[in-house]
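Presented below is the structure to which this report refers.
The values are calculated or read from the model by the stated rules, or taken from the named source; none is laboratory data. Please read these numbers as outputs of a predicted model, since none were measured by experiment. We place every Cβ from the backbone using ideal geometry, glycine too, and count neighbours over all the protein chains shown.
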Amino acid sequence: MAVFHEAPWSDPAQVLSALGERPWTIGFLTGGAEPGWSYVAADPAAVCTLAPEDSEDPIAALAALLGPTVDPDPAGPPFQGGVAGLLGYELGDRFEPIGLPRHDGWPDLACARYDALLAFDHAQARVLAIGRGATEAEAAVRAATARSWLDLPPRPAQPPGCELQADSPEAYEAAVAETVERIAAGEIFQANLARRWRGRLAPDARPIDLMIRLAATSPAPFAAYLRLPDRAIVSNSPERFLKVERQDGGLVAETQPIKGTAPRGATPAEDEALAAGLSASVKDRAENLMIVDLMRNDLARVCTPGAVRTPELFRLASFANVHHLVSTVTGRLAAGRTAGDLLRAAFPPGSITGAPKVQAMKVIAGLEGGRGPFFGSLVWLGCDGGLDSSVLIRTAAFVHDADGWRVEARAGAGIVADSRPASERAETETKIAAVAAALQN
């Protein structure tokens with residue numbers, strides 16, 4: 001059962017900052033042109049972490065953590081409590097065994113069940129404190145706990161003080177050139193090849209400081225934060241991976257892959273020209289269409305035959321430092337299929353692997369090594385069977401060691417037959433720019 005307490009508006013990023021140092025605090029911060037709901041949760045009722053050597057089926061583990069699905073409150077937000085957390089990129093190795101290398105001790109899965117959370121309605125400038133429990137009294141206590149988080153003082157802003165250092169540009173360009181050769185040989189059609197940046201936070205800085213800065217300077221529709229006991233993820237993602245919601249007695253799925261990128265212009269005229277050039281780009285549209293076809297195939301594995309549609313192709317979406325092309329694929333899940341089945345069919349996201357997916361993942365593993373949290377997903381699975389999830393791009397991952405917090409960030413580019421190594425390298429620099437700027441003093 002659920003209890004809802006309405007409260008006056010508070011900035012979700014500031015509320016998140018007050019909780020940001022607690023292990024298992026999570027936040028989903030929507031921003032940009034059409035913000036919807038943001039969520040902040042902490043102090044979970046149960047957690048589940050799967051290391052690479054753990055043999056448990058991840059979808060079964062998520063279902064056990066979530067428990068039985070229940071009907072949602074129709075007046076409530078899309079997420080009314082449930083499971084949330086990280087699906088690392090190499091989780092895909094459990095669905096399609098490839099022998100992917102792992103990265104830096106990151107788990108394949110790190111999720112928790114949240115029975116207390118705050119939901120921030122940007123459209124109506126209101127906050128709902130939500131509690132779930134076996135009884136109304138139990139749910140009311142948890143709603144009161146969530147409501148109390150609004151009274152915590154926000155963390156004072158701290159400059160992250162981190163100058164990211166990029167891996168060799170020559171090495172990245174050589175990897176792009178090799179990928180183009182493998183495309184020409186017919187091995188793959190496309191691969192999303194990423195480049196790495198590394199650094200270390202100033203002694204007094206914490207990962208949450210980057211989240212606060214990005215929310216203020218570069219809001220993104222799928223920004224998210226997860227604090228683990230000795231690790232953290234800060235993501236400023238513009239990309240939805242999978243969404244599942246109830247409609248007309250069934251479950252409807254949606255994915256919105258991004259492919260095609262251009263920088264923002266220094267003047268309105270230059271910006272308009274760059275956007276128009278991206279919209280007209282044969283290369284970028286073809287790159288996008290390859291991933292649309294891949295995602296259509298992934299959704300078709302668990303959707304009603306003939307139900308997969310592409311209602312939107314090549315929509316221009318503009319963010320603080322880039323323009324993107326975004327498409328939308330939808331489908332209705334077949335009877336008896338769940339959001340977990342869809343994750344099994346479609347993970348990891350096609351937009352950051354390539355086509356054909358499995359062979360592209362093999363190429364990427366050989367050139368990049370393990371990815372860990374990068375290009376995986378931060379996800380919530382609602383108590384009603386719904387789901388929403390991001391693609392972990394524009395993301396920084398933090399590990400705490402004896403010297404403090406070290407940080408790594410990655411940005412990728414979709415490599416196709418006519419890719420030019422220098423241009424693809426420049427694209428990674430454009431994509432990482434907002435995260436890199438927010439990490440500096």
Inset, instruction - Test ARG406 against the stated conditions and say whether it is farther than 18 Å from GLN190 by Cα and touching a Lys or Arg at 6+ places or on another chain (Cβ under 7 Å). - result: yes
Legend entry - Filter result for the condition that a residue is of a type in the set (A, V, I, L, M, F, W, C), within 30 Å of GLY27 (Cβ to Cβ), modelled with pLDDT under 95 and crowded, with 21+ Cβ neighbours inside 10 Å, over LEU342, LEU325: LEU325
Legend entry - Qualifying positions in segment 207-224 - in contact with a strand residue (DSSP E or B) (Cβ under 7 Å, 6 or more places away or on another chain) and either polar (S, T, N, Q) or surrounded by fewer than 23 Cβ atoms within 10 Å (Cβ to Cβ) (or both): SER218
Inset, instruction - Considering only residues that are out of contact with any Leu (no Cβ under 9 Å at 6 or more places or on another chain) and hydroxyl-bearing (Ser, Thr, Tyr), look in segment 66-122 and name the one that is surrounded by the fewest Cβ atoms within 10 Å (Cβ to Cβ). - result: THR69
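Can you name the residue in segment 381-396 that is part of a strand (DSSP E or B) and not hydroxyl-bearing (Ser, Thr, Tyr) and is also nearest to the chain's Cα centre (by Cα) among such residues? Give the steps one after another, and end with the answer.
We begin by selecting, within segment 381-396, every residue part of a strand (DSSP E or B); these are 381-382, 387-390, 395-396.
Of the ones still in play, those that are also not hydroxyl-bearing (Ser, Thr, Tyr) are 381-382, 387-388, 396.
Numbers: LEU381: 14, GLY382: 16, LEU387: 13, ASP388: 10, ALA396: 11 Å.
Only one residue tops the list, namely ASP388.
Can you spot a residue in segment 151-165 that is under 23 Å from LEU117 (Cβ atoms) and in a helix (DSSP H, G or I)? Steps first, please.
Initially, segment 151-165 is screened for residues under 23 Å from LEU117 (Cβ atoms), giving 151-155.
Cutting the leftovers down to in a helix (DSSP H, G or I) gives us 151.
Within segment 151-165, one or more residues are under 23 Å from LEU117 (Cβ atoms) and in a helix (DSSP H, G or I).
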Legend entry - Check on VAL3, in a strand (DSSP E or B) and either under 20 Å from the mean Cα position of the chain (by Cα) or surrounded by 17 or more Cβ atoms within 10 Å (Cβ to Cβ) (or both): yes
Inset, instruction - May I ask you to list the residues in segment 153-167 that are closer than 19 Å to LEU19 by Cβ, touching a residue at least 12 places away in the same chain (Cβ under 8 Å) and within 27 Å of the chain's Cα centre (by Cα)? - result: PRO154, ARG155, ALA157, GLN158, PRO160
Inset, instruction - Mind listing just one residue for me: the one in segment 173-197 that is part of a helix (DSSP H, G or I) and acidic (Asp, Glu) and, of those, surrounded by the fewest Cβ atoms within 10 Å (Cβ to Cβ)? - result: GLU181
Inset, instruction - Out of VAL302, VAL308, report the one residue that is of a type in the set (Val, Ile, Thr), within 24 Å of the chain's Cα centre (by Cα) and closer than 14 Å to THR328 by Cα. - result: VAL308
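Consider ALA125 carefully, then state whether it is touching a Phe, Trp or Tyr at 6+ places or on another chain (Cβ under 9 Å) and either of a type in the set (Ser, Thr, Tyr) or exposed (fewer than 14 other Cβ atoms within 10 Å of the Cβ) (or both). Quick ask: steps written out before the conclusion?
Details: touching a Phe, Trp or Tyr at 6+ places or on another chain (Cβ under 9 Å): yes; either of a type in the set (Ser, Thr, Tyr) or exposed (fewer than 14 other Cβ atoms within 10 Å of the Cβ) (or both): yes.
Yes: the conditions hold for ALA125.
So that you can scan it fast, the table gives a plain yes or no per residue for (1) modelled with pLDDT of 95 or more; (2) part of a loop (DSSP other than H, G, I, E, B); (3) of a type outside the set (S, T, N, Q):
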residue	(1), (2), (3)
ALA360	yes, no, yes
PRO373	yes, yes, yes
LEU378	yes, no, yes
PHE398	yes, no, yes
ALA413	no, no, yes
ASP418	no, yes, yes
GLU427	no, no, yes
Legend entry - Cβ-Cβ under 9 Å pairs, at least 6 apart or on other chains, segment 281-298 side in contact (Cβ under 8 Å) with a residue 40 or more places away in the chain, far side polar (S, T, N, Q) and in a helix (DSSP H, G or I): ARG285/SER279; ILE291/SER351; LEU294/SER351; MET295/SER351
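Just to be sure, is ALA409 small (Gly, Ala, Ser), at pLDDT 95 or above and part of a strand (DSSP E or B)?
On the way: small (Gly, Ala, Ser): yes; at pLDDT 95 or above: yes; part of a strand (DSSP E or B): yes.
So ALA409 passes the test.
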Inset, instruction - Could you tell me whether segment 57-66 includes any residue that is in contact (Cβ under 8 Å) with a residue 12 or more places away in the chain, under 23 Å from the mean Cα position of the chain (by Cα) and not in a helix (DSSP H, G or I)? - result: yes
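Among GLU429, GLU424, which is the only one that is crowded, with 23+ Cβ neighbours inside 10 Å and more than 25 Å from TYR39 (Cα to Cα)?
Values: GLU429 fails: crowded, with 23+ Cβ neighbours inside 10 Å.
Testing whether each residue is crowded, with 23+ Cβ neighbours inside 10 Å and more than 25 Å from TYR39 (Cα to Cα) leaves just GLU424.
Quick check on my filter: what residues within segment 201-251 are of a type outside the set (A, V, I, L, M, F, W, C) and in a loop (DSSP other than H, G, I, E, B)?
First, pick out the residues of segment 201-251 that are of a type outside the set (A, V, I, L, M, F, W, C): 203-204, 206-207, 209, 213, 217-219, 221, 225, 227, 229-231, 235-240, 243, 245-250.
Across segment 201-251, the qualifying residues are PRO203, ASP204, ARG206, SER218, PRO219, PRO221, PRO229, ASP230, PRO238, GLU239, ASP248, GLY249.
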Inset, instruction - Would you check if VAL70 is outside any loop (DSSP other than H, G, I, E, B) and over 30 Å from HIS324 (Cβ atoms)? - result: no
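So, in segment 68-88, exactly how many residues are over 19 Å from ARG344 (Cβ atoms) and modelled with pLDDT under 95?
If we filter segment 68-88 for residues that are over 19 Å from ARG344 (Cβ atoms), which is where we start, we get 68, 70-81.
With modelled with pLDDT under 95 added as a condition, the list becomes 68, 70-76.
Adding up the residues that qualify gives 8.
Taking segment 365-394 as the region of interest, how many residues are more than 22 Å from ALA64 (Cα to Cα) and buried (at least 24 other Cβ atoms within 10 Å of the Cβ)? If you could, list the steps in order and put the result at the bottom.
First pass over segment 365-394, keeping only residues more than 22 Å from ALA64 (Cα to Cα): 365-375, 390-394.
Now narrow it down to the ones that are buried (at least 24 other Cβ atoms within 10 Å of the Cβ): 371-375, 390-394.
Within segment 365-394, residues that are more than 22 Å from ALA64 (Cα to Cα) and buried (at least 24 other Cβ atoms within 10 Å of the Cβ) number 10.
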